[in-house]
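Down below is the structure, laid out as structure tokens.
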Amino acid sequence: MRVCPLLGILLAFSIQSARAQQNALGPTSGQAVRAPLKLLQTIPLSGVDGALDHMAIDVQRQRLFVPSEQHGTVEVLDLRTGNRIRTISAAKWPSTTIYHPETNEIFVSDRADGTCKVFSGENYELVKSIKLAVGADNAAYDAPSHYIYVSAGGRHAGMPNTLIGVVNAKTSQHLGDISVDSANVQAMAFESSGPKMYADLADVSKIAVIDREKRSVVTTWSLTPQCQRPYALSLDSAHHRLFVGCRMFATQAEWWQPGKMIVMDTDSGKPIAVFDAGGGADEMFFDAASQRIYMQGYEGIADVWKELDPDHYESIGRIQGGVHGKTSLLVPELKRYYVAVSEHQDVIRGIQGGKVEEAYIEVYEVEP
């Protein structure tokens, strides 16, 4: 991942003004409307440098798990008190966290040694280290099957292909791999009533359609010219609609360029709508109850759309949060939306200059 070299410009968005913003403009009417997200509080992560990545939550105990890649830790937050209650430091490069409530265990993909590490939710001690391919990075959880899918190999291992490791969260067993002809597999999403899953192939600007039962790629869909780098994904399985968050750049140094959100028909593999979006797409969610699509990116912008019907959508808000707030977590059960804001100097390249803002978590209430 890369962070914008125009940091001084981005820092013009002050934290105070971002926290105070509670209204959004209607996309067509120009009238002030209530924003779909309302900032409630921020939780500081003092001393945690590096890029914060994909979070997980224990809804029952209201614990948030926040991985910090370069810092090599997973920070555990008590959402009731807003306090950090534990730092897990047994992972060298934690990328994605997944909480499995049935076993009260925390699964963490570790890019450094190609493992999926399992930690106890009681004492936070390492329970097991599941060996996958080097470069274990993005992961996604399919709750009905209790399977975790972890992208490994590829660009982080100097391999031309990615091996998506399949891990049984109940038994902590590595069941096998799905080989994909892409060196950069990002987000994944699962059908609720079938064997298909979808994966972003960021380096070739395609979507892979995968049969989970056969553990093989069925087909791929090209996204060009509408999308250059797909990095985020969510799915409305009932209406056969796939939502793709795209970064629009020619080189890695241009990740902050405005992005796109594409709506695809999963029956035909064709795009049916394209929307402007914030830059650096990194996280997406679809909430079936409200028919809303959320997309978060490096600019700290949360874009929210409403699905009016499977072929018609409208933008209902664009919320500017803290710069480098690139990953998020939607929790419908709590009516909360969490954003992980990384430390505010160039968290990867170490470019100096400008005020350093320490990392924190933004806690938003989901408005009706």
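The values are calculated or read from the model by the stated rules, or taken from the named source; none is laboratory data. As the structure is a computational prediction, the values presented were derived from the model and not from experiment. A quick note on method: Cβ atoms are made from the backbone with ideal geometry, for glycine too, and the neighbour counts reach across all protein chains shown. Just the protein is used for accessible areas: all its heavy atoms, side chains included, with ligands, DNA and RNA removed. Shrake-Rupley method; radii C 1.70, N 1.55, O 1.52, S 1.80 Å.
Computed 3J(HN,Hα) for the range 198-204, one whole-Hz value per residue from the Karplus formula 6.51 cos²θ - 1.76 cosθ + 1.60 where θ = phi - 60°, is 10, 9, 6, 10, 5, 7, 10, glycine and proline marked x. Heavy-atom surface analysis with a 1.4 Å probe gives the chain a carbon and sulfur content of 49 percent of its accessible area. Between the C-alpha center of the range 73-108 and that of the range 259-321 there is a gap of 28 Å. Dividing the helix sum by the residues of the chain, where each DSSP H run of 4 or more adds -39500 (n - 2.57), gives a mean residue ellipticity at 222 nm of -500 deg cm²/dmol. Does the range 43-143 classify as rounded, prolate or oblate by the C-alpha gyration tensor (a ≥ b ≥ c root eigenvalues; a/c under 1.5 gives rounded; else a/b over b/c gives prolate, otherwise oblate)? Judged from the Cα gyration tensor, the range 43-143 comes out oblate (a/c at least 1.5, b/c at or above a/b). Within the shell of other residues whose beta carbon sits under 10 angstrom from the beta carbon of Asp236, the net charge comes to -1, with Lys and Arg scored +1 and Asp and Glu -1. Please state, as a whole number in µm²/s, the translational diffusion coefficient that the Stokes-Einstein equation yields for the range 190-327 at 20 °C and 1.002 mPa s, with Rh defined as the Kirkwood radius across alpha carbon pairs. The Stokes-Einstein estimate is 144 µm²/s.
Accessible surface area normalised per residue over the chain is 39 Å², counting heavy atoms of protein chains with a 1.4 Å rolling probe.
Overall form of the range 68-214: prolate. Here a/c, set by the Cα gyration tensor axes a ≥ b ≥ c, is 1.5 or more, and a/b is the larger of a/b and b/c. Only lysines eight or more places from Lys260 in sequence, or on another chain, were considered; those with a Cα closer than 30 Å are Lys38, Lys196, Lys206, Lys270, Lys306, Lys326, Lys335. Other residues with beta-carbon under 13 Å from the beta-carbon of Met188 carry, at +1 per Lys or Arg and -1 per Asp or Glu, a net charge of -3.
Candidate cross-link partners of Lys170 among the aspartates and glutamates, defined by an alpha-carbon separation under 20 Å and a same-chain spacing of 8 or more, comprise Asp58, Glu102, Glu105, Asp110, Glu122, Glu125, Asp142, Glu213. Residues with beta-carbon under 12 Å from that of Lys170, excluding Lys170: net charge, scoring Lys, Arg +1 and Asp, Glu -1? Net of charged neighbours comes to -2.
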